[in-house]
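**Q** One structure coming up, written as structure tokens, with questions to follow.
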Amino acid sequence: MKYFSFFLVLAITIALAMLVSRPIGQIPPLAPLLDPNHGFWQNTLSEDQLAEEEINIENLSAPVEVVFDKNLIPHIFAQNELDLYRAQGYVTAQHRLWQMEFQTMAAAGRVSEIVGPIALELDRMTRRKGLAFGAEVGLKYIEENDPETLRLVEAYTDGVNQYISQLSDAKLPVEYKILNYRPEPWSAYKSLLLLKYMSDMLVGDRDLEYSNLRKLLGDSKLNKLFPDFPTENDPVIEAEKVWDFTPIPVNKPDSVTYPDDALLLDPLSQPVEGTGSNNWAVAGKKTQNGNPILANDPHLSLNLPSLWYSMQLTTPTYSVKGATLPGALGVISGFNQDIAWGVTNATKDARDWYKITFQDESRKAYKFGDEWRATDFRIEAIKVKGQDTFIDTVVYTHHGPVVYDKSFRSERQDVNFALKWTVHMGSNEQRTFIQMNKAKDYADYNEALDFYTSPAQNFVFASKSGDIGMRIQGKFPLKWEGQGKFFMDGADPKMEWQGFIPNAHNPATLNPERGFVSSANQHPVDRSYPYYVFDNSYEHYRNRRLNRKLREMNQITVEDMKMLQFDDYNLQAAEGLPVLIKLLGTHKTESPDAEKYLNELKSWDYFADPNQKGQTLYAIWSAETFESIWREFMNGAPVVRPNSYQTVELLNKSPKDSIFDVKSQEGIQTAEYHVKAGFDSMLVAMKKWEAEEGDYTWANFKKTTIQHLVPNFKSFSASNVYTGGGSGMLNATGSRHGASWRMVVELGPEIQAFGVYPGGQSGNPGSRFYANFIPIWANGEYLSFNLRSIENQEDVLFKTILK
Amino acid sequence: MRFIFLTILTAIVVVFLNPITPFWVVMIGIAVLSALVYPNGIGGFLGGGLGMGLTWLGQSIYLGITSASSLPDRMGELMGLGSGMTLVAVTGIIGFILGAFSGLTGVLFRDLLQKSPKNVYKG
């Protein structure tokens, strides 16, 4: 009996211990998670409660002092660059380890390892696009061409890895505890992968949709609805710019034939609408203090932990501060004691698709000209949590990987397309940032940019010596007019890119007469630029608003620039709403609701401030109207619809155009029909909204949400942030996208810098530094980002010596 | 008496051993303690349970209060348990169950080694 009860209770005890230490379905092991000494309770502590005065790390040549200011922004003081980047890796990992690793897992197509089969399709897609392949090629390129950069990247890697090896269970980021896995070692490869991830986030193409459009509309109608340049083009490089180089000739083939299949594939995922950015610099002659002022606000998905992490990096020769990307070396958008720079996306159709003709089912060879070329097979082994490893075979041609084929999303088995993308070619973007961080003048800035390939960016520049500049930098293929707009025949050598535009021919400007440089993802250049420029996603509103304001402003102060970054003026509404109201006529005047909404619209000043109702009404009405206009157009094969600018222009200038006719309806419809239909839809939508939600002021309607990187972790997100702005406005804060970092720098004798981002320095949802910048950001306010000296004792949260 | 003694000793073990070892090592520690102190079955169960459960409860309340962190509430919501207070309770209950069965196991193990029947009038 004694034995029986002992073994029974022992068995129960062991069973209990096992039960609480194993995952049950999606529920993580309970005891390790709840144990107050190791589990999530330990993550309730903020960084200042865990501060250490000294930390031993190996391979440093001299002690490194890290000063955390009251906002937990680290200021690293090192004696040389190797120590500096080792410390950057260590400190970044202290605050952002989970995020760094998760983002690179996503870029490598390894999310299934963490979350299971739900992410398998996503991982296959990522791998078939060749991001990991691109990072491997990039690493090889750096190993062969730039051992100095490699040494620095390896120092950073070592810093991250020393943190991982010292990491106790208690301090493990809470996401690891919930998802039940542990960090693996960091590597130089992962740092490069992160930059590929940025490319993937920022680069799109619409070749598939344009191929379909060409087939549906024919060339002339296509050019009418999708002109290469808008009527009012206000490009990045001022239109007056005279190009002082002799362009390389590009030979357009005499006859061009496109693959003419009916294309029913799903298009590749695209950068989400609202991804874009603003940057500008004003010359001293336009500012109150006579100093150049530079501003930058990249618009990206709004996520927690934030994509950005602020830092100051100091060696005896330079001091740089701004926004870093956890996982990459140096500062990405920032300033040092001599210059400031910032980035916006400069998309220019960097991806092209080639139809591949395989010799036979084995896909071992494909046609190119008169020969059969051999393919490469890349085996992608995708580990899946709770399941067997999934093996995917991707065929590589000299164009690039065949993304869609018989084993992946093939509605048509005979269609195989290869993706040609500069991301697959060796490059060294990391070098650009390492050099930019210590640049002293315009020449240094240009030298740093010569290493930059992808994703192409508009790099704005200002220096203490009074220069302002802008350069559009990326690796841009030489294309004949129209090349790459549509799918091309990969068997035809005439369809090849004919080389690349030399860096010296990339659009750039220094100290233009107008006294400012600016970019907002619009067309890079005027028609006079001698190379072919095309992209579907150019901006038409932010750029014009920005340039108008900059042209008319004088005696500019830092405050003015902050206000401009937070400018909620909706230029699209200012141009579109009067057209809509005119076309609406007296429709529904008898309805009291309609009258109320119309009055609110008519009295609206076009500013999408958070308390505005007009913006909500316009957003619904215009969206419903555009939807009505293009509904039949979008019905069928995947296409893109003409952009809002083009649509408003059509409504305004040619309301009777046949494009407005609805084939499925009797009679002939004109613009008025769609405007009225859009208005009716708005009445229905508003009735529902008022019944369910009541308040329809803009902030409440758009519900800006800053979402945790794992969308299921809703309670780790910040929802319904009260802030204005939206797509197409300088303050481009929509519901899920917006200014992910705002910076304003005045380059006077003492540099005055301000910055903020929607998040916090800590990646730990339990820390008081996790989301503490959000209210500041939402109000359009800033933190002081002035450079700190090592002696400065003000506002110090704590200090750590690494040695 | 022995029950109270075990409760206190268990709490001490959790406070000092738990930070450096996983929870299952603590469970073994409680079983050993319980065999050494040797209260009766109920005493072992409650002593181990209350020792570990109350300590976990106290530690989680202490961390929650000193950090003023929103994490317990965020975790409570994530796990579908509502607020952070529920999580405090769940932490305490899990600590109690693990400690209690460890304590009882220790007592029953000592029973095995005991040659003569235990004197029910002592302790």
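**Q** Round to the nearest 0.05 the FRET efficiency obtained for A:Ser255 and B:Met1 when R0 = 60 Å and r is the Cβ-Cβ distance.
**A** The computed FRET efficiency comes out at 0.05.
**Q** Over 36 Å, how big is the tail of the calculated P(r) for chain A, in percent of all Cα pairs?
**A** 49
**Q** Follow-up question, since we're still on this one. Search the structure for amide H atoms under 5 Å from the amide H of A:His708, placed 1.01 Å from N in the peptide plane, and list their residues when 5 or more places away or on another chain.
**A** A:Leu304, A:Ser717, A:Ala718
**Q** Shifting gears a bit: Using only alpha-carbon positions, what ratio does the radius of gyration of region A:701-790 give when scaled by 2.2 N^0.38 Å?
**A** Working it through for region A:701-790, the quotient is 1.21.
**Q** Principal axis lengths of chain B from Cα atoms, whole Å, largest first?
**A** 55, 25, 22
**Q** Using amide H atoms built 1.01 Å from N in the peptide plane, name the residues 5+ places from A:His299, or on other chains, whose amide H lies under 5 Å from its own.
**A** HN-HN under 5 Å from A:His299: A:Gly276, A:Ser277, A:Asn278, A:Ser740.
**Q** Within region A:286-380, list the chymotrypsin sites (Phe, Trp or Tyr not before Pro) lying in a DSSP loop whose Cβ has at most 16 other Cβ atoms in a 10 Å radius.
**A** A:Tyr318
**Q** Return the subset of A:Lys129/A:Lys485; A:Lys221/A:Lys549; A:Lys367/A:Lys485; A:Lys196/A:Lys286 for which the Cα-Cα distance in this structure is over 27 Å, preserving the input order.
**A** Checking Cα-Cα distances, A:Lys221/A:Lys549; A:Lys196/A:Lys286 exceed 27 Å.
**Q** Going by C-beta contacts inside 10 Å, put A:Asp605, A:Asp388 in order with the fewest on the left.
**A** Working: A:Asp605 13, A:Asp388 7.
Starting with the residue having the fewest Cβ neighbours, the order is A:Asp388, A:Asp605.
**Q** Here's something else I'd like to know. Which loop GluC sites (Glu not before Pro) in region A:648-737, with loop taken from DSSP, have no more than 14 other Cβ atoms within 10 angstrom of their Cβ?
**A** Hits after loop and neighbour filter: A:Glu666, A:Glu693.
**Q** Taking A:Lys702 as the anchor, which lysines have their alpha carbon closer than 18 Å to its alpha carbon, excluding any fewer than eight residues away along the same chain?
**A** Cα-Cα hits under 18 Å: A:Lys613, A:Lys687, A:Lys688, A:Lys714.
**Q** Hey, another quick one. Mean residue ellipticity at 222 nm from the helices of the protein assembly as shown, using -39,500 (n - 2.57) per DSSP H segment of n ≥ 4 over the full residue count, to the nearest 500 deg cm²/dmol?
**A** Helix contribution divided over all residues of the protein assembly as shown: -12500 deg cm²/dmol.
**Q** If you take every DSSP beta bridge fully contained in the protein assembly as shown, what fraction is antiparallel? Give it as a percent rounded to 5.
**A** Expressed as a percentage, antiparallel bridges in the protein assembly as shown total about 90.
**Q** Compute the helix-to-body angle for B:23-37: its Cα long axis versus the longest principal axis of chain B, expressed 0 to 90° and rounded to tens.
**A** 30
**Q** Which trypsin sites (Lys or Arg not before Pro) in region A:5-97 pass both tests, a DSSP loop state and at most 16 other beta-carbon atoms within 10 Å? Mind showing how you got there, number by number?
**A** Values: sites: A:Lys70, A:Arg86, A:Arg96; in loops: A:Lys70.
Answer by residue number: A:Lys70.
**Q** Another question, then. Computed FRET efficiency, Cβ-Cβ of A:Arg182 and A:Lys703, R0 56 Å: what is it to the nearest 0.05?
**A** 0.95
**Q** Check cross-link reach from A:Lys438 to the aspartates and glutamates: straight Cα distance under 16 Å, and skip same-chain residues fewer than eight apart.
**A** Partners found: A:Glu81, A:Asp83, A:Glu148, A:Asp338, A:Glu429, A:Glu447, A:Asp450.
**Q** Using only the alpha-carbon atoms, how far is helix B:41-67 inclined from the longest principal axis of chain B? Give it as 0 to 90 degrees, nearest 10.
**A** 20
**Q** Just add up the charged neighbours of A:Asp338: K/R +1, D/E -1, any other residue whose Cβ is under 10 Å from the Cβ of A:Asp338.
**A** Result for the neighbourhood of A:Asp338: +1.
**Q** What helices does chain A hold that run 24 Å or longer along their axis, going by alpha-carbon atoms, with a Kyte-Doolittle average of 0.5 or more, using DSSP H for the helix calls?
**A** Helix filter hits for chain A: A:2-19.
**Q** Testing the spin-label approximation: label points 7 Å from Cα along Cα→Cβ at A:Glu627 and A:Asn779. State their distance in nm.
**A** A separation of 3.6 nm, rounded to one decimal place.
**Q** Near A:Lys364, which aspartates and glutamates are there with a Cα under 12 Å away, not counting those fewer than 8 places off in the same chain?
**A** Hits, sequence-local ones excluded: A:Asp376.
Every read-out reported here was derived from the displayed coordinates using simple, explicitly stated rules and does not represent laboratory data. Note that the structure is predicted; figures quoted are calculated from it, not measured. Neighbour counts are summed over all protein chains in view; Cβ atoms, including those assigned to glycine, are modelled from backbone coordinates with ideal geometry.
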